[in-house]
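Everything on this sheet refers to the single structure shown next.
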Amino acid sequence: MPINMLDLTGKTAVVTGAARGIGRSVCLALGEARANVCPADLSEREVALVAEEVGGRCGVGAVPLEMDVSSVGSVTRGLEKAAGLTGSIDMLVNSAGVISTVPFPDLDEAEWNRVLSINLTGVFHCCRLVLPYMRRSGSGAIVNIASLAGKMGGGGFGTAAYATSKGGVITLTRSLAREAARWGIRVNAVAPGMVETDMVKSFGGKARVIEQTPLGRLGHPDEIAAAVLFLASPMSSYITGEVLNVDGGIRMD
């Protein structure tokens, strides 16, 4: 397979949840593959730093987007700005997410809505609003960051609200893949196990997860980014509707 299938020169990618962790690593991986990158997150100052890092290290176009994925207006404005780079949006990576450690007996409607509005409805907003750009181009790649929690129902990987939101992302990925294929758009997801990020610092049970992991450690954001790069690039041109586990071997299915 030609090595240039990982060359994304001239393509534009939007990455949500890009201020840190997996999102930041995805931005750098796409930049190293020569894509123009638009990091998106709530904090304009933080995504500006990521854009500066990507542009400086990779020498590609990098435009920060202040974006609240739970707001249709905010996503619309962000995507319009991103499209101004090259006239198209070729890749979307939905990495924005929050975790919830509230056990089900204590889970109220406010916490439920908070988690789903970002983790699931936010993915819906971004996918729905990016489709017109990709349809005009006749191609595109969407990669959603799901979680093993969405396959396993939580357990050591999140409580009910988080697991439900990520299970919804998996189903949305598969559903949209079927519908969007007619327009040349591929839709896939990555389901990480527990990864060393700021998000999991407040989450207990890391030692137990490591014990259950055949590779014997937590994942690194760069390892998730590598899987995202594969699914976003022509290297995976005949793959759509797939949910790729990146979990050190915990769930072999």
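Just name the residue that is least open to solvent (accessible area, probe 1.4 Å) out of those in segment 81-94 that are part of a loop (DSSP other than H, G, I, E, B) and polar (S, T, N, Q).
My answer is S88.
Suppose we filter G31, G56 for residues that are touching a strand residue (DSSP E or B) at 6+ places or on another chain (Cβ under 6 Å), of a type outside the set (S, T, N, Q) and farther than 24 Å from G138 by Cβ; which single one remains?
Unique residue meeting the criteria: G31.
Could you check how many residues of segment 221-238 are assigned to a loop (DSSP other than H, G, I, E, B) and touching a Leu at 6+ places or on another chain (Cβ under 7 Å)?
Within segment 221-238, residues that are assigned to a loop (DSSP other than H, G, I, E, B) and touching a Leu at 6+ places or on another chain (Cβ under 7 Å) number 1.
Looking at segment 99-121, is at least one residue at pLDDT 95 or above and in contact with a Leu (Cβ under 8 Å, 6 or more places away or on another chain)?
Checked against the condition, which is being at pLDDT 95 or above and in contact with a Leu (Cβ under 8 Å, 6 or more places away or on another chain), segment 99-121 yields at least one hit.
Residues are listed down the side, and each one gets a yes or a no for (1) under 20 Å from T16 (Cα atoms); (2) assigned to a loop (DSSP other than H, G, I, E, B); (3) small (G, A, S):
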site: A96; (1), (2), (3): yes, yes, yes
site: L116; (1), (2), (3): yes, no, no
site: V123; (1), (2), (3): yes, no, no
site: P132; (1), (2), (3): yes, no, no
site: V143; (1), (2), (3): yes, no, no
site: G150; (1), (2), (3): yes, no, yes
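In this structure, does K166 turn out to be under 14 Å from P192 (Cα atoms), open to solvent by 30 Å² or more (accessible area, probe 1.4 Å) and part of a helix (DSSP H, G or I)?
Criteria not met by K166.
Please verify whether M5 is modelled with pLDDT under 95, over 12 Å from the mean Cα position of the chain (by Cα) and open to solvent by less than 50 Å² (accessible area, probe 1.4 Å), treating the condition exactly as stated.
Yes.
With the condition kept exactly as written, say whether any residue in segment 85-98 is at pLDDT below 95 and in contact with a Gly (Cβ under 8 Å, 6 or more places away or on another chain).
Checking segment 85-98: at least one residue is at pLDDT below 95 and in contact with a Gly (Cβ under 8 Å, 6 or more places away or on another chain).
Please enumerate the residues belonging to segment 169-220 that are modelled with pLDDT of 95 or more, in a helix (DSSP H, G or I) and either open to solvent by less than 20 Å² (accessible area, probe 1.4 Å) or out of contact with any Leu (no Cβ under 9 Å at 6 or more places or on another chain) (or both).
Within segment 169-220, V169, I170, T171, T173, R174, S175, A177, R178, E179, A180, A181, R182 qualify.
Residues of segment 11-35 being hydrophobic (A, V, I, L, M, F, W, C), in a helix (DSSP H, G or I) and farther than 19 Å from E196 by Cα, which ones?
L30 - this is the single residue of segment 11-35 that is hydrophobic (A, V, I, L, M, F, W, C), in a helix (DSSP H, G or I) and farther than 19 Å from E196 by Cα.
Per-residue answers, yes or no, for (1) closer than 21 Å to D198 by Cβ; (2) without any contact (Cβ under 8 Å) to a residue 40 or more places away in the chain; (3) of a type outside the set (V, I, T); (4) part of a loop (DSSP other than H, G, I, E, B):
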{"position": "T9", "(1), (2), (3), (4)": "no, yes, no, yes"}
{"position": "V37", "(1), (2), (3), (4)": "yes, yes, no, no"}
{"position": "A48", "(1), (2), (3), (4)": "yes, yes, yes, no"}
{"position": "V54", "(1), (2), (3), (4)": "yes, yes, no, no"}
{"position": "V69", "(1), (2), (3), (4)": "yes, no, no, yes"}
{"position": "V75", "(1), (2), (3), (4)": "no, no, no, no"}
{"position": "L79", "(1), (2), (3), (4)": "no, no, yes, no"}
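The values are calculated or read from the model by the stated rules, or taken from the named source; none is laboratory data. Here the structure is a predicted model, which is why all the values come from computation and not from measurement. Please note: Cβ atoms are built from the backbone with ideal geometry, for glycine as well, and neighbour counts cover all protein chains shown. Calculation scope for accessible area: heavy atoms of the full protein, side chains included, ligands and nucleic acids excluded. Shrake-Rupley method; radii C 1.70, N 1.55, O 1.52, S 1.80 Å.
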